[in-house]
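Input: a single structure, listed below in structure tokens.
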Amino acid sequence: MAAHSDLTGDPLLGSDAQQRFLPTRFNVQGKALDIKGVPCSKLACPQCHLLIPRQLLEMEPFFISILGAPGSGKSYFLAAMTWKLRSILSSQFGLSFGDADPEANQLLINYEEELFLNSDDDKLVALRKTELEGGELYETVNYGSGRTVQYPKPFVFPIQPEAGHQYGAHSRRLARALCLYDNAGEHFLPGNENANRPVQHLAVSRVLLFLFDPTQHPKFRNACKDQSQDPQILKNVWSNRQDLVFQEAANRIRNYKGLPAHEKDDRPLVVVVTKYDAWCSLASGKPLKEEWVTSATQSAYQGLNLKQLRNISRQVREIVSKYAPEMVSAVEGFSSDVIYIPASAQGQAPELIEESGYLGIRPKDIKSMWIEIPMLYALHRSVPGLIATVKNGEQKKKVSSSTRQKTTDRDHSSSPS
Ligand SMILES: Nc1nc2c(ncn2[C@@H]2O[C@H](COP(=O)(O)OP(=O)(O)OP(=O)(O)O)[C@@H](O)[C@H]2O)c(=O)[nH]1
Ligand SMILES: [Mg+2]
């Protein structure tokens, strides 16, 4: 992409965009020179002309799709998760984690700052509902003849083992550019598929995260209403048939991948059962503790205890299948590799903001629970060796009173292939 400020105008991106060009001249550092002779550092795709963070060429991209109905908590989940990963991936797992391009990740950075670095931390704040279109989350490309496509913008985070990591010597091979998207839930509503607004990351993503929100389910709400003050439990704030939302996403994945109806998808599917604070009375009622599923390894870092995680998954599956059996059959009908992980971005109920009518939370009250666990599991499953695992020894923890259920999750080795 041209660097000189006079070089604007692109046939696909419009008159304000910097010019795109096929470089033919380079300086001694190997940087392309634009026609005004200015060295350029930004790269663009030759087909759609959109910017590509350099790390995507240097590291293998690793797409993760985050799906869920409108209001299921995707934006809070993303913000709380990236905030947590920034503080623990290096110190507890020996992995470097940062923004490929802070400008491109700005929206997510703003969410994080609003929730976790707010100087007025006693004032109710609310993240905006994710837009269905617009410049912050989508890039518009005009291919001519009336064909305009809106591509969702990824948030890109390079992840790689640091020197002290057990596979620090394999750092380049294990490095990944993690690409995450914040799609509006409406994109996944039945009947809302649009060829001009593709969500093709669904097909290429290595792991699917489906956010199931029990507060949108009448039977969950009914079961929790005496134990919770959450307006989402006491009133019908959000109400979507989440099994149908999932089915819609599953059908699109089948279409994109050409997967026949009788075959199951074999990628890991993580059902993140969100807003744990609101439905924890159906489990043990206790806050989720990281040490239930992570513990020290022989190295300086932590590892993931898969046995414990699966044990908790079985218990959560049992709760979901008691109140929303249609959800369990939708996800297990599609995927042969499902795990259920409870999480809470806020750790407590939001309150009504009188002026705006939104539900908000005071930053000082946020106590996220297990918000990083789905991603640690996703990383472990897709890039063996990146996240260490621990065998056991830890005492079994219970999130619910009963644990009978077969699991659909399997054992996986954790050495780099
Ligand atoms: N109790 C509770 N409420 C939560 C939690 N996380 C999010 N919420 C509430 O859920 C509502 C929706 O959250 P969002 O993150 O905006 O949902 P979304 O899935 O991004 O919604 P769309 O952008 O419309 O698709 C907000 O009112 C939040 O206050 C949580 O951990 N606990
Ligand atoms: Mg959102």
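Some observations on this one:
- The residue pairs whose first member lies in the stretch 222-251 and is in the same structural domain as I361 (by TED's automatic domain parsing), whose second member is more than 11 Å from ligand 1 (Cβ to nearest atom) and at pLDDT below 90, and whose beta carbons are closer than 6 Å, counting only pairs six or more residues apart or on different chains, are L244/P190; E248/P190.
- Selection within the stretch 137-148 - hydrophobic (A, V, I, L, M, F, W, C) and touching a residue at least 60 places away in the same chain (Cβ under 8 Å): V141
- When we screen D230, D213, D226 for residues that are acidic (D, E), within 16 Å of ligand 2 (Cβ to nearest atom) and modelled with pLDDT of 90 or more, the only hit is D213.
- Scanning the stretch 56-111 for residues that are in contact with a His (Cβ under 7 Å, 6 or more places away or on another chain) and within 16 Å of ligand 2 (Cβ to nearest atom) yields a single hit, S65.
- Complete set of residues in the stretch 268-297 that are in contact with a Gly (Cβ under 8 Å, 6 or more places away or on another chain) and among the polar types (S, T, N, Q): T274, T294, S295, T297
- Scanning the stretch 133-178 for residues that are of a type in the set (A, V, I, L, M, F, W, C) and out of contact with any His (no Cβ under 8 Å at 6 or more places or on another chain) returns L137, V149, F155, V156, F157, I159, A163, A169, L174, A175, A177, L178.
- The set of residues in the stretch 65-77 being farther than 9 Å from G185 by Cα and either more than 8 Å from ligand 1 (Cβ to nearest atom) or β-branched (V, I, T) (or both) consists of S65, I66.
- Members of the stretch 128-168 that are among the hydrophobic types (A, V, I, L, M, F, W, C), surrounded by 18 or more Cβ atoms within 10 Å (Cβ to Cβ) and either closer than 29 Å to I88 by Cβ or within 16 Å of ligand 1 (Cβ to nearest atom) (or both): L137, F155, V156, F157, I159
- Qualifying positions in the stretch 233-270 - of a type in the set (D, E), under 25 Å from the mean Cα position of the chain (by Cα) and either closer than 16 Å to S336 by Cα or modelled with pLDDT of 90 or more (or both): D243, D265, D266
The values are calculated or read from the model by the stated rules, or taken from the named source; none is laboratory data. Every value quoted in this text rests on a predicted model; they were computed, and no experiment measured them. Ideal geometry is used to build each Cβ from the backbone, glycine not excepted, and the neighbour counts take in all protein chains shown.
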